[in-house]
Amino acid sequence: MKTVLELLIAVTLCASAQPDDFPGIHSDLIMTLITNEGPEAVIGFISDFEPMERIELYSLARELYVFSQFDGQNLDDMITVIDYAIEDILCIAREEEAALIRKSFLDQANIFSYNLSADLAECWPGDTLTRYPRHFERGLSAALQCIEWRYYLEKNDTAFFMAFWAAGMHQLSLGRPEEAIYNLVRSLNYAEQITIDAGRPLGFHAGAGYELLLAHGYFGLALIEAGESSEHYDQTIRKLEEGITEYEEFADDYRFCIDQLEWARARLED
């Protein structure tokens, strides 16, 4: 069996001539570094590549940290790598003279920041990784940062619907429901515009689509956390259940919405 060092040498030698399945060819090595060496080794390996290759490898590392299961798995190591990735991408952007290229790199930082926030949220069915307030604080700051970038980048309604949701979800986890209501209402407003543009009905309607009903569900969770009735949340779940039967094209999305909302509610009640 090759040692980690031998694997590093072998992969680094071929870095200048990447095959078509880049970055996947490095998946096993990065996974070995994640499980045996730690985040500093992952960063050190990725740092030897060109800028666009580094971005692809950071994205691969994030997927391995989040979607794999392994002994010692934790969120802090993932945060270390992604924080470094965001700063690295921003450094690349600052060195670019062309405005469009700078913005394209800034958009990459925006994506990493949103994914970091989403990954740290306690709402994903089956995700039992331990989360502490520091994780929610970092998730909140990542969401607020990507909101700022999305204004600058003039992103679409879906991008803001997602980013304001992430901010509000972390505020709920931190026990700040009044602050969460502000951001979740913003998310709901963007979801309404998405629904209008798609020609779907507004309000509590089984045919509204997942964006609007999911936004209503999280707003309902915020109301519960603020001491209000669960009626808003309960009505959302009823409409999602109706939609599974009545709108086949939405059924899979609606099932996932229910699973996500119920998982988030259970975590908030712990």
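What is the order of V66, V81, fewest Cβ neighbours within 10 Å to most?
V66, V81
Find the relative contact order for the chain and round it to a whole percent, using C-alpha pairs within less than 8 Å whose residues are 6+ positions apart.
Relative contact order comes out at 12 percent.
Quick one: F164, F105, fewest Cβ neighbours within 10 Å first, how do they rank?
F105, F164
Lys/Arg Cβ at +1, Asp/Glu Cβ at -1, dipole of the range 71-147 taken about the Cα centre: which of F105, A143, L129 is farthest positive-ward?
So the residue furthest toward the plus end is A143.
About the Cα centre of the range 14-122, how large is the charge dipole given +1 on each Lys and Arg Cβ and -1 on each Asp and Glu Cβ? Please answer in debye to the nearest 20.
Here the size comes out at about 280 debye.
Which order results if W263, W149, W165 are arranged by neighbouring Cβ count within 10 Å, fewest first?
With the sparsest Cβ surroundings first, the list reads W263, W149, W165.
Every read-out reported here was derived from the displayed coordinates using simple, explicitly stated rules and does not represent laboratory data. In this text the structure is predicted, and so the values were computed from the model without any measurement. Reconstructed Cβ throughout: ideal geometry from the backbone, glycine too, with neighbour counts over all protein chains shown.
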